[in-house]
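Worksheet for the structure shown next.
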Amino acid sequence: MVVDSPVGLHRVLEPVGVLPQAAQRLDDRPEISASEVRIRLERLNLDAASYRQLATKHDGDGAAIRDEVCEIIAKRGKMHNPVTGSGGMLIGTVEEVGADSPLGLAVGQRVATLVSLTLTPLRVTDGLAGWDGLGEQVPAEGHAILFGRSIAAVLPDDEDPELSLAVYDVCGAPALTARVVGQRTAPTVCVIGAAGKSGALSLAAARRAGAARTVGVVPNEAEAARLRDSGLADVVAVADARDPVALSAAVGTPADVTVVCVDVPGCEHGAILATASGGTVVFFSMATSFAAAALGAEGLAADVTMLVGNGYVPGHAAYALELLRAEPGVRRLFAARLAG
């Protein structure tokens, strides 16, 4: 047994004293402490911002993308993209449970981790040979370690594991959207990146939480067609979210709540311009520059509240899965995303 820490301090190799997410390198060995759980890997889900950065860097060369992901994991003992600072999550089977683990998991259960790969000790043993590098979901062999303060959800038997993984990857977005929208009376809600995973769920959550009007912003007509077919948005707007003036014009009347779900940088100022005075902007994208958001709001004299979506709200996994099951439009958008 190794020395125990419920937040994983004993797994930090460099620099000593920081939490696992901030560490440059983690101890990825398979032996577990009394509060840990070891997961046998089945599939990684790279977050959208991280995958886009890697794909752009390597000009869509799948082999080069795969090699860099392997290199990051081997070097850092976790999947922590050094450029975007983000990682993703995983699914696998519980292989061993420490005697004092508080997670309530049992050997043999198939689970999805609901904590970031940026803080999860991870070792890949197959060189990701089953992955062509051309999508966010990554078949993998190896193991991962969960701490006493980690979170995991047992995969439902009645859903495709790939679909469940995609939903759980973004389950914090709809839960926080519902909370923010529910604090207002019949607000207008704008979701930027509305045809993506977190965007689709956030639109469904906003409507269920009492939004009087929903606006979905997408970058092109192909995504607009898919979003219209889903029926999730009252208004579908096409605009480049990196162009503040164009985005604001496309949205029209400023929204009371704006939810940013895009996976590219440079969308902060447009989101602020598209939000009414006294409104709220929720940033869920790992591509967000929070300095740009804060300074941009100041420079625009914008009286808006800005929230960082931290990915965790109590009950978020079950809520997101329920939205998938209850909203056919959400399922269609997820199916299109996975097929692509």
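What follows is calculated from the coordinates using simple rules that are stated; it is not laboratory data. Everything numeric in this text was worked out from a predicted model, so none of it was measured. Neighbour counts are summed over all protein chains in view; Cβ atoms, including those assigned to glycine, are modelled from backbone coordinates with ideal geometry.
Just how many % of Cα pairs in the stretch 9-169 lie over 19 Å apart, if you round to the nearest whole percent?
50
Short version: ³J(HN,Hα) in whole Hz for each residue of the stretch 257-262, in order, from phi by Karplus 6.51 cos²θ - 1.76 cosθ + 1.60 (θ = phi - 60°), x for Gly and Pro, what are they?
Per residue, the Karplus-derived 3J(HN,Hα) values read 10, 10, 10, 9, 10, 6 Hz.
Roughly how far apart, in whole Å, are the Cα centres of the stretch 93-118 and the stretch 292-327?
Value for the Cα centre distance between the two parts: 27 Å.
With the contact rule set at Cα under 8 Å and sequence spacing of 6 or more, what percent relative contact order holds for the stretch 172-339?
The value is 24 percent.
Would you kindly calculate the translational diffusion coefficient of the chain, applying Stokes-Einstein with the Kirkwood radius from alpha carbon pairs, for 20 °C and a viscosity of 1.002 mPa s, and quote it in µm² s⁻¹ without decimals?
Roughly 105 µm²/s, to the nearest whole number.
When all alpha-carbon pairs of the stretch 162-215 are counted, what percent fall beyond 12 Å?
Counting pairs separated by more than 12 Å, the tail of P(r) holds 59 percent.
Once you have the alpha carbon radius of gyration of the stretch 1-91, what is it after dividing by 2.2 N^0.38 Å, with N set to its residue count?
1.17
Taking only C-alpha pairs under 8 Å that are 6+ residues apart, what is the relative contact order of the stretch 244-340 in percent?
Here the relative contact order equals 23 percent.
Around Ser5, with a cut-off of 11 angstrom between Cβ atoms, what is the net charge of the other residues, counting Lys and Arg +1 and Asp and Glu -1?
Local charge sum for Ser5: 0.
Roughly how far apart, in whole Å, are the Cα centres of the stretch 15-81 and the stretch 141-170?
Between the Cα centre of the stretch 15-81 and that of the stretch 141-170, the gap is 16 Å.
Once phi is turned into ³J(HN,Hα) by the Karplus curve 6.51 cos²θ - 1.76 cosθ + 1.60 with θ = phi - 60°, what whole-Hz value does each residue of the stretch 272-285 show in order, with x for glycine and proline?
5, 5, 7, 10, 5, 4, x, x, 10, 10, 10, 9, 9, 7
Taking only the alpha-carbon positions of the stretch 197-340 and ignoring solvent, what does the Debye formula give for the base-10 log of I(q)/I(0) at q = 0.11, 0.19 Å⁻¹?
Debye curve over Cα of the stretch 197-340, log10 I(q)/I(0) at q = 0.11, 0.19 Å⁻¹: -0.39, -1.21.
Taking the DSSP beta bridges in the chain as the whole, what percent of them are antiparallel, to the nearest 5?
About 55 percent, rounded to the nearest 5.
Near the amide H of Gly88, under 5 Å away, which other amide H atoms are found, from residues 5 or more places off or on another chain, if H is placed in the peptide plane?
So Gly88 has HN proximity to Asp47, Leu117, Thr118.
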